[in-house]
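The values are calculated or read from the model by the stated rules, or taken from the named source; none is laboratory data. Small disclaimer: the values here were computed from a predicted structure and weren't measured. Cβ atoms come from the backbone with ideal geometry, glycine included; neighbour counts cover every protein chain shown. Quick note on the areas: whole protein, heavy atoms, side chains included, nothing else; ligands and nucleic acids left out. Shrake-Rupley method; radii C 1.70, N 1.55, O 1.52, S 1.80 Å.
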Protein chains: 4
Amino acid sequence: MTIDGTLKARSPRIRLGMVGGGRDAFIGAVHRIAARLDDRYDLVAGCFSASPEKALASAADIGVPRAYASFAEMASREARREDGIEAVAIVTPNHLHAPVAMQFLRRGIHVICDKPLTATLPEAKRLAKAAEASGVIFALTHNYTGYPLIRQARAMVQAGVLGELRLVQVEYAQGWLSTDLETTGHKQADWRTDPARTGAGGSTGDIGTHAFNLAGFVSGLRVAELAADVHSFVPGRRVDDNAHVLLRFEGGAKGMLWCSQVAAGMENGLRLRVFGTRGGLDWAQEDPNVLWHLPLDAPRQRLTRGGIGMGPEAARTIRVPAGHPEGYLEGFANIYTEAAHAILARREGRPVDPEVAFPGLKEGVEGLAFVDACVRSSARNGTWVKLAL
Amino acid sequence: MTIDGTLKARSPRIRLGMVGGGRDAFIGAVHRIAARLDDRYDLVAGCFSASPEKALASAADIGVPRAYASFAEMASREARREDGIEAVAIVTPNHLHAPVAMQFLRRGIHVICDKPLTATLPEAKRLAKAAEASGVIFALTHNYTGYPLIRQARAMVQAGVLGELRLVQVEYAQGWLSTDLETTGHKQADWRTDPARTGAGGSTGDIGTHAFNLAGFVSGLRVAELAADVHSFVPGRRVDDNAHVLLRFEGGAKGMLWCSQVAAGMENGLRLRVFGTRGGLDWAQEDPNVLWHLPLDAPRQRLTRGGIGMGPEAARTIRVPAGHPEGYLEGFANIYTEAAHAILARREGRPVDPEVAFPGLKEGVEGLAFVDACVRSSARNGTWVKLAL
Amino acid sequence: MTIDGTLKARSPRIRLGMVGGGRDAFIGAVHRIAARLDDRYDLVAGCFSASPEKALASAADIGVPRAYASFAEMASREARREDGIEAVAIVTPNHLHAPVAMQFLRRGIHVICDKPLTATLPEAKRLAKAAEASGVIFALTHNYTGYPLIRQARAMVQAGVLGELRLVQVEYAQGWLSTDLETTGHKQADWRTDPARTGAGGSTGDIGTHAFNLAGFVSGLRVAELAADVHSFVPGRRVDDNAHVLLRFEGGAKGMLWCSQVAAGMENGLRLRVFGTRGGLDWAQEDPNVLWHLPLDAPRQRLTRGGIGMGPEAARTIRVPAGHPEGYLEGFANIYTEAAHAILARREGRPVDPEVAFPGLKEGVEGLAFVDACVRSSARNGTWVKLAL
Amino acid sequence: MTIDGTLKARSPRIRLGMVGGGRDAFIGAVHRIAARLDDRYDLVAGCFSASPEKALASAADIGVPRAYASFAEMASREARREDGIEAVAIVTPNHLHAPVAMQFLRRGIHVICDKPLTATLPEAKRLAKAAEASGVIFALTHNYTGYPLIRQARAMVQAGVLGELRLVQVEYAQGWLSTDLETTGHKQADWRTDPARTGAGGSTGDIGTHAFNLAGFVSGLRVAELAADVHSFVPGRRVDDNAHVLLRFEGGAKGMLWCSQVAAGMENGLRLRVFGTRGGLDWAQEDPNVLWHLPLDAPRQRLTRGGIGMGPEAARTIRVPAGHPEGYLEGFANIYTEAAHAILARREGRPVDPEVAFPGLKEGVEGLAFVDACVRSSARNGTWVKLAL
């Protein structure tokens, strides 16, 4: 219930660059705060926009020492500097993840990449292969896995608290695309509904992958096959804005995944429930400091972040005591800090501590395989299809 | 916000009989309280068990004037009495609903029948045809439609508050059958997992029909087709204990239905969410005095039963002011009181008031068609199937 | 977790009369439903209004066999009938409780009286003395003590689950008198703000007594002294509409009581929290099917009415299984049913079962002593005063 | 609903020092994160402990460039450097706030001081006088005023949304001192229950001042007088661990304040409710992304941080969109960032923007006056006393 001095003590900081995330961007600023929160990174270089002018203006806003107008130039020049960046954060639209990442990883620069990994499944597989070959650390910011109580939930599942898992119910419901916002000049809506930039999946790629990833992270189960009814409700929209998906996991568990961007009035309704032979768990992202444990034979328990009953897996990702909420940025920062553990271990030539956990290439490919399977199943009127992993 | 004197004032009471609901039964006692709550019925006759001894002993417990050992005898003798019953409540296991109902309705005795209507779809259609031909009032106790805020939700949908509906998410999650309770002598678990008495559906018939009915009652939409993954998780169980179902409604809305009796730790987690172009609604049976309205362009509103903003459809089903909770029994009683309005209108030779609403034969057939479609779809590995109405 | 057949089985019904509760009344209809719910009473006589015309018209509405235009006449005539009433429910404005009760109890008719016991403390003491002398059963409908989870909370305190009690925080916040509603012809607001009919206390008498009673019922502690800041916020109001009260209990526990009828937007916000050396409890009337247990050394537990962990004290007051809410009327009915146990025991010449519990004369006098102490303390600018018991 | 680029864009950073907050400390790490979150400060110097060895070891942990073993030396040396610190964060036990602050402010170094301002009221007044004379910026980290929805609540009160205020109910309930934790070597419990280091108030000083400050910040009302029942429940404890306080505000509003550290099972239960003639507000620190608005004549509204209906006062303190929670650290950081606005304005010789708001000397003196009044009132058995401002 106190700040873990060991974990949070200042260690050598990692020199970080960023691609994307300039003016008008949303997620870039989040990555910068996340990188800063635990004081593990120095942001020293950036190419913040595809537009050279905007890239340089954004760099001035942000105050980064080395500004670039092209990410390729950034990669090559930083790789040659003795004090060049050790890691790059990629926060561009999805279709640029792969080309940008390739530039850096082939120069041995570690990558922290926003999700989904790429715009398409084949591209994801190619990137994963190249990244694995390069040996760099590759972190994918499925940030919801950074919430301490998600770590707690995962540890409880692993410890067998729920018995054998039977059911996984996950949903991510938003309402912000209930209207044709993309026709109004809204930058976020614009690129996220453009297949050329966002990829084959709309809601499936943008938030469905988060739900899918979270379900797998906590349950430890892999989806064997799925049946999907993917749809676009808003007239004229070019990507899906809702998906209803049935899941069958390896080992026999079953589940449902719902992702929507037309659930009018919903904000970021990501919720995961897992039930096994001995009990269940229930967690909602909008109230992330609470994890409900539903034992089969005892009253429901309300576990709080940092409260009584926290295991070490959660405790190491916590900054302030129970009753003082942590939120989205802290969870996001946990991914950055976990990646920092790995990057520093690499720098120091030692193995990464086994308790360090963050999503990476495998999860990235799985996410695109999920989108791909949704699209394929839906195209065949909901036939069950296997994930093409 | 006050008791509606007009509605609740004493009117001539209806002479009621009951079949089923004796010792060890659960739902019979609920029906008796529901019948009594608004003082609209006198329970004057009963055949409370299939076992003659138990039937008579139960009658003594309950204190009913005329006890019968056989429902057929009860029907014929009551029909001949001048002061014989005007309506019968049927609270037997499912497979007896039809034979019992037939005995009474062909003698012009109104029927209040527990759900599901019958054990099988063909039986449901036959019963519906016979009941319609007889002209009796037939109420099916899909009791959740009696909750005042469900009336309010339905009225808001009808008034267009949500715009055009897009999404219907409904679930009914219980955990009480997480183990093989039926092997322990538990009477409720015993008959509810016996296909001969409960019908083709286990969780689908017992609670899936409630979820299905509630979704239709509030949304006003009819399911055109569904795709189901129906399963029995507990080894040895003879009926399904979990179903994941995708829904497509006439007119283009889509949805999901989940019913489970193996969601360990859940009690009676019936929840309905409906989203349209202009907003959403969210209601949960375990907190039935609250209805969430999620407007597209305004903060979420917490409507309370009897509170500010109630329309007349809800107000007429309310007994006590806002902030004083009503619950399951009151909602159940509302079905009885609605049926009483219809029965008294019939007695008095006048049309039933248009605001009176209770589920009946149509909803009963639809419920069995839902179970039938789940079974058929699941047998074909989740192929989309149309409801066989 | 099932209906208790033994408890709820039909027993001989008690012949009940009612004084007050006619047209325009609120609480009378609640008493009638409460009496009816468990089938323990037959309402056979009534004097439903101080106005003879209204009394008779109300009797016709309600459908009671014997209607009276005067409660004195009712008492004398019923007492002389062989089939006369055995108990009377008194649901008049407060100032009439004592005169009405006196008429019946001196004839040996049991009394079920709405709270507060009387309009003033001296009157309460006189009535209590007379009632005790008469030997009748006297139940006071502090109905919130009828909620099953309140029974559970009390049993947990008695069993020492919380250790030694330190803190009792209770509040009852309403907002319905935020404006000068009494000037608009609103009948409930009219008499409840008229000192001649309601007594010395406004909010203190109407709802403060409920909060005070509930705190004592659950904690088992008696208030030794209190300091109060009693106020009327609405210009022109003749009784208090808000009270802030500090409490000191015998034995050293301390607490706070807040009652208000000007907490704009609140409905019936009665909430009780109790903390001891080993844990706490938290219960709110608007969500009465949940009781929070806060152990000192374990995560918070959510106890549900009828769910795992219920003791016999709660279980015997429950009708339907966990997850199917019971509410205000069921809690109110529990007081009637508890009183019925006592009345039937008296009729049959046997002692009342020890588990039967309902508020009575002692609690009634304490309630008026609470109001009296609030008024006295506030008149002396919040000096601590002892309860004048 | 998006990150405010203007507000959050990088501006010149402020050179910051810190006194206190070394190994074993809690709040120092919080201040460091808060300073870092929005990238407004560089921590360049520190004296992290009263023990010189620990001070230097902590400096190494934290990684600060200039480490000092004495705060006096730090003040004098930093003041002489051209690149010396511009502001100092004071995070020592309470009794050191004043002596430390005096060293820095008399050299023109701005102060960000943890609460309460000092250990005693006279000391607070002296410090305030000196600080005002010095002209430095002085921020007091009553961090709960940094929560965006607290800003929103305050703006709504100021805009008259609630009408004229009548009631202010505030509480801060913790349970962590339910046992004699201070005898077990627990560092936080040790100094916080030692009158020499914490001051005259225990719970009143540590958390009562937060509650008091928050009530004033949101309501805009000043407490005129109070009546308190202050107590220490744990045997042997040298400071209060619970206080029940009645409040009278200038202008006629009334209220209650409860602070406790023996409410077993509570974590950081800070909750504020405000009611006026036209409605109420309800906010709880453990769920800080929600603000309930209770209009007098409309259903309750659930305002969310960053959601529909946010005014500019809240919007400027928000980093991520609605539905992605922010927490304690973000709220704390808002105080730092607000102070940075003021410090940078001072550096640049321009007036501070009027929308900038953070607690300072006035609030600090008021907090000590609150503790002083509680102690005085309680010593006179709860007599109403005026605040000695």
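Calculate for chain C the 222 nm mean residue ellipticity that helices alone would give, adding -39,500 (n - 2.57) per DSSP H run of length 4 or more and normalising by residue count, nearest 500 deg cm²/dmol. Don't skip to the answer; put the middle values down first.
Details: 13 runs with 134 residues, N = 389.
Value at 222 nm, helices only, nearest 500: -10000 deg cm²/dmol.
I need the phi-derived Karplus couplings for the stretch B:84-90: 6.51 cos²θ - 1.76 cosθ + 1.60, θ = phi - 60°, integer Hz, Gly and Pro marked x.
In residue order, the calculated couplings are x, 5, 9, 8, 10, 9, 10 Hz.
For chain C, with the dipole built from +1 on Lys and Arg beta-carbon atoms and -1 on Asp and Glu ones, taken about the Cα centre, which of C:Ala173, C:Leu389, C:Gln261 lies farthest toward the positive end?
The one lying farthest along the dipole's positive direction is C:Leu389.
What does the structure give for D:253-266 when I average, per residue, the other chain Cβ atoms found within 10 Å of the residue Cβ?
Values: counts 1, 8, 3, 9, 1, 6, 0, 5, 0, 6, 9, 14, 20, 7.
Mean shielding by partner chains, rounded to a whole number: 6.
At B:Gly309, with labels set 7 Å past Cα in the Cβ direction, how many nm apart are the copies from this one, shortest first?
Its label point is 0.9, 3.2, 3.3 nm from the equivalent points in the other copies.
Sort shortest first the distances from D:Ala57 to its counterpart in every other copy, using label points 7 Å along the Cα-to-beta-carbon line, and give them in nm.
Those separations, rounded to one decimal, come out as 5.3, 7.7, 8.8 nm.
How big is the equivalent ellipsoid of the stretch D:307-361 along its three axes, where each semi-axis is √(5λ) from the Cα gyration tensor, reported in whole Å from largest to smallest?
On the way: eigenvalues 115, 34, 17 Å².
Semi-axes, largest first: 24, 13, 9 Å.
Ignore the peptide's own chain and count Cβ atoms of other chains within 10 Å of each Cβ in D:327-336; give me the average, rounded. Write out the running numbers ahead of the final one.
Values: counts 13, 10, 10, 7, 3, 2, 3, 0, 0, 0.
What the average comes to for D:327-336 is 5.
Calculate, for A:Asp42 and A:Arg80, the FRET efficiency according to 1/(1 + (r/R0)^6) with r their C-beta to C-beta distance and R0 22 Å; round to the nearest 0.05.
Working: r = 19 Å, r/R0 = 0.85.
It comes out at approximately 0.75.
Do any GluC sites (Glu not before Pro) in the stretch D:87-175 lie in a DSSP loop with no more than 15 other beta carbon atoms within 10 Å, and if so, which?
Here the GluC sites (Glu not before Pro) that fit, given the DSSP loop and packing criteria, are D:Glu164.
Report, as a whole number in µm² per second, the diffusion coefficient that Stokes-Einstein gives for the stretch D:27-106 at 4 °C and 1.567 mPa s using the Kirkwood radius over alpha carbon pairs.
100 µm²/s
Is there a simple number for the mean count of other chain Cβ atoms within 10 Å of the Cβ of residues in A:100-107, and what is it?
Mean partner-chain Cβ count within 10 Å for A:100-107: 0.
For the stretch C:265-360, place one equal point scatterer on every Cα, skip the solvent, and apply the Debye formula. What is log10 of I(q)/I(0) at q = 0.12 Å⁻¹?
The computed values of log10 I(q)/I(0) come out as -0.50.
Apply the Karplus curve 6.51 cos²θ - 1.76 cosθ + 1.60, θ = phi - 60°, to the phi angles in the stretch D:167-173 and return the couplings in whole Hz, x for Gly and Pro.
Once θ is set to phi - 60°, the couplings for the stretch D:167-173 become 9, 10, 10, 9, 8, 9, 10 Hz.
So which trypsin sites (Lys or Arg not before Pro) in the stretch D:138-209 are both in a DSSP loop and have at most 10 other Cβ atoms within 10 Å of their Cβ?
Answer in residue order: no site qualifies.
Report the paramagnetic label zone for C:Arg302: residues of the stretch B:307-335 whose backbone N is under 19 Å from a point 7 Å from Cα along the Cα-to-Cβ axis.
Under cut-off, by backbone N: B:325-328.
Where along chain C is the Cβ that lies nearest the axis linking it to chain B, and how many Å separate them?
C:Gly327, 2
What dipole magnitude, in Debye to the nearest 20, does the stretch C:146-200 give about its Cα centre under +1 on Lys/Arg Cβ and -1 on Asp/Glu Cβ?
The calculation lands at about 300 debye.
Past 18 Å, Cα to Cα, is the threshold; run B:Lys254/B:Lys386; A:Lys125/A:Lys362; C:Lys54/C:Lys187; A:Lys254/B:Lys115 against it and keep the listed order.
Beyond 18 Å: A:Lys254/B:Lys115.
What would the Debye formula give as log10 I(q)/I(0) at q = 0.10, 0.16 Å⁻¹ for the alpha-carbon point model of the stretch D:179-324, no solvent?
-0.46, -0.98
Chains B and A: how much accessible area gets covered up at their contact, both sides added, probe 1.4 Å, in Å² to the nearest hundred?
Values: alone 16040 and 16010 Å², together 28480 Å².
In total, this chain pair buries about 3600 Å².
Looking at the stretch A:47-100, which GluC sites (Glu not before Pro) are in a loop (DSSP not H, G, I, E or B) and have at most 13 other Cβ atoms within 10 Å?
Qualifying residues, ordered by number: A:Glu82.
Please report the carbon-and-sulfur percent of the accessible area for the protein assembly as shown; probe 1.4 Å, protein heavy atoms only, DNA, RNA and ligands left out.
Accessible surface attributable to carbon and sulfur in the protein assembly as shown totals 52 percent.
Whole number in Å², please: accessible area per residue of chain B, 1.4 Å probe, ligands, DNA and RNA not counted.
Values: 12290 Å² over 389 residues.
Using a 1.4 Å probe on heavy atoms only, each residue of chain B averages 32 Å².
Take the Cα atoms of the stretch B:78-209, find their three principal axes, and give me the spread along each one in whole Å, biggest first.
Principal-axis extents of the stretch B:78-209 (Cα, largest first): 51, 46, 27 Å.
With the label 7 angstrom out along Cα to Cβ, how close does D:Gln158 come to the same site in each of the other copies, in nm, nearest first?
Ordered by increasing distance: 4.7, 4.9, 5.5 nm.
Quick one: which of A:226-238, D:255-267, D:211-223 comes out on top by average Cβ neighbours within 10 Å, and what's the full order, highest first?
Packing proxy ranking, top to bottom: D:255-267, D:211-223, A:226-238.
How many times 2.2 N^0.38 Å is the alpha carbon radius of gyration of the protein assembly as shown?
Rounded to two decimals, the normalised Rg is 0.95.
Mind running the shape call on the stretch C:213-258? Use the C-alpha gyration tensor, a ≥ b ≥ c as the square roots of the eigenvalues: rounded below 1.5 for a/c, prolate if a/b tops b/c, oblate otherwise.
Cα axes put the stretch C:213-258 in the prolate bin.
As I understand it, the dipole of the stretch B:291-368 uses +1 on the Cβ of Lys and Arg and -1 on the Cβ of Asp and Glu, about the Cα centre. Which of B:Gly306, B:Pro295, B:Phe358 lies farthest toward its positive end?
B:Gly306
Rounded to two decimals, what is the ratio between the C-alpha radius of gyration of chain A and 2.2 N^0.38 Å?
Chain A yields a ratio of 0.96.
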